[in-house]
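Quick notes on the structure that follows.
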Amino acid sequence: MMLLIMQVLTVWLAIQLLFTIWNLSRMPKLGKSLSSQSTYYQPSADSHDQAVADHTSGKDQRSKPILSIMIPARNEEINIRQCLESVLNCRTDSIDIEVLVMNDHSEDRTVAEIQQVMQQDDRVRLFHSDPLPDGWMGKSYACHQLVQHAQGNWWLFIDADVRLEVEGLEAAMVTARSQGKGLISGFPRMETGTWLEKILVPMMSFVIAYHLPIMMVRRSRSPFFVAVTGAWLMIHPDSYARSGGHEGISTQIVEDMELARAVKRIGDPVTLANVQHYTSARMYRNAGQVWEGYKKNIFVGAGRSPLLAIGISIYYALLFILPVITLIYSLCTLDTMLIGWSLLSILIGMITKSIIDVYHGKPIWMGIYMPVSAACLIGIMMDSWRAGANGTGYNWKGRNYG
């Protein structure tokens, strides 16, 4: 029976490997016109009308389009200067930019770091957040306030730990203007330092490539097919306003996903793009931050459904942990057939992760972490479920979210 189980698992893992390779090939690349890539969204007449309106409105009488880069910042003294400098160093031959930063009640030197950059470049403007209203999430409220000051034809929200490459802004605008309106997002190339960062941070990209048909993010208007990140999220002002913006999702912890779903509900396109060549980020600095960061998102991202949380945990345990247990057992019993199938299952899982890691700019050898990564992901899922179920909530940057 155990041999049959391993044979079935191995076949399924091989199918998932083939799906992953195909799935990654369907991801649009930032910096290219979406009309020239393998995408399926066709702009509607409304999209064309909006594009015409953009060029004839009073706001668009300039020779170059304006891109508003908006950065919510809370206790980001380590990151904010490098973030701003990377934005300001971007080539802007074909666009104008404005950089808006919201100080979200920082308790460190964040403001001082921003002000030093402002002395060198007047394209940066600093705002200070009002007190957080009841029911609002901190980041959503910071972004909501930022858009009140934005003048751009397109808006780009980035986190303070993001770094842009020199071509990053112009590449973003090329893709955005070809789409016309809606939302575009992509996962930055993730930099990792500590051991838990290396084990867990790449799993964000793994889960998407392994399960979500990427072309359906653009092809389908269903809010079910969505994958975005607030670390790098670009949106047209008209789409933002009609979808309700951050005000419409003020209570949501995973605000980026909910904003994308809201954009889809109004019929505007949402695109998950490969932005690896133009942006990078180091989201966490130690194991504690990694655990807490994933903990606040993972159960909420599963719709706060205990059934789904259990299902995901069992699925990953079967695919990536059971083969390791079976290998140990078969080595003890000298069952050569079982040893072979167990090793093959483990190898396919590692190869799949390596392919996804390399695609997202990580070393190929990090695929060997797959069983440990799966075990840690299950552990965080259970911890996140516990925190949500018992009412303790999730702590992040000095705030508690239920």
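Treating only the Cβ atoms of Lys and Arg (+1) and Asp and Glu (-1) as charged, compute the dipole magnitude of the stretch 265-402 about its Cα centre; round to the nearest 20 debye. Walk me through the numbers before you get to the answer.
Numbers: 11 positive and 5 negative charges, 122 e Å.
Charge dipole, the stretch 265-402, about its Cα centre: 580 debye, nearest 20.
In terms of modelled amide H atoms, which long-range or inter-chain residues lie less than 5 Å from the amide H of I97?
Result for I97 returns L67.
For R163, list long-range residues whose amide hydrogen, built 1.01 Å from N in the peptide plane, is under 5 Å from its own amide hydrogen.
Under 5 Å from the amide H of R163: S280, A281.
Note down the nm distance, to one decimal, between modelled labels 7 Å out along Cα→Cβ at W22 and at F127.
It works out to 4.6 nm between the two label points.
What are the lysines whose alpha-carbon lies under 18 Å from the alpha-carbon of K397, with same-chain residues fewer than 8 places away excluded?
Within the straight-line cut-off, K397 pairs with K139, K295, K296.
Given the -39500 (n - 2.57) contribution per DSSP H run of 4+ residues, what per-residue ellipticity at 222 nm results for the chain, rounded to the nearest 500 deg cm²/dmol? Can you show the working numbers first?
Details: 16 runs with 197 residues, N = 402.
The helix contribution divided over the chain gives -15500 deg cm²/dmol.
If you take the beta carbon distance between I325 and S305 as r and set R0 to 30 Å, what does 1/(1 + (r/R0)^6) give as a FRET efficiency, to the nearest 0.05?
Taking R0 as 30 Å, the efficiency between I325 and S305 is 0.65.
Calculate, axis by axis, the spread of Cα positions in the chain along the three principal axes, and write the results as whole Å, longest axis first.
Extents along the principal axes: 76, 46, 35 Å.
Which of the DSSP-defined H helices in the chain satisfy a minimum axial length of 18 Å, computed from C-alpha atoms, and a minimum mean Kyte-Doolittle hydropathy of 1.0? Present the calculation step by step, with values, prior to reporting the outcome.
Numbers: long enough: 2-25 (35 Å, 1.77); 287-301 (21 Å, -0.28); 336-359 (34 Å, 1.50); 370-389 (28 Å, 0.97).
Span-like helices in the chain: 2-25, 336-359.
Hey, how many Å between the Cα centroid of the stretch 236-305 and the Cα centroid of the stretch 110-141?
Going from one Cα centre to the other spans 20 Å.
Choose one of G193, A150, V101: the residue whose Cα lies farthest towards the positive end of the charge dipole of the stretch 49-197 (beta-carbon charges +1 Lys, Arg; -1 Asp, Glu; about the Cα centre).
Working it through, the farthest residue towards the positive pole turns out to be A150.
Which order do peptides 339-350, 8-19 fall in by mean Cβ count within 10 Å, highest first? Can you show the working numbers first?
On the way: 339-350: 20.4, 8-19: 15.6.
Ranking, from highest mean packing down: 339-350, 8-19.
Explain nothing, just the number: dipole magnitude of the chain about its Cα centre with +1 on each Lys and Arg Cβ and -1 on each Asp and Glu Cβ, in debye rounded to the nearest 20. Walk me through the intermediate numbers first.
Numbers: 35 positive and 35 negative charges, 183 e Å.
Dipole magnitude for the chain comes out near 880 debye.
All of the numbers you see were taken from the coordinates with simple rules; none came from a lab. Only a predicted model underlies this, so the values are computations on that prediction, with no experimental measurement involved. Heads up, the Cβs are rebuilt from the backbone with ideal geometry, glycines too, and the neighbour counts pull from every protein chain shown.
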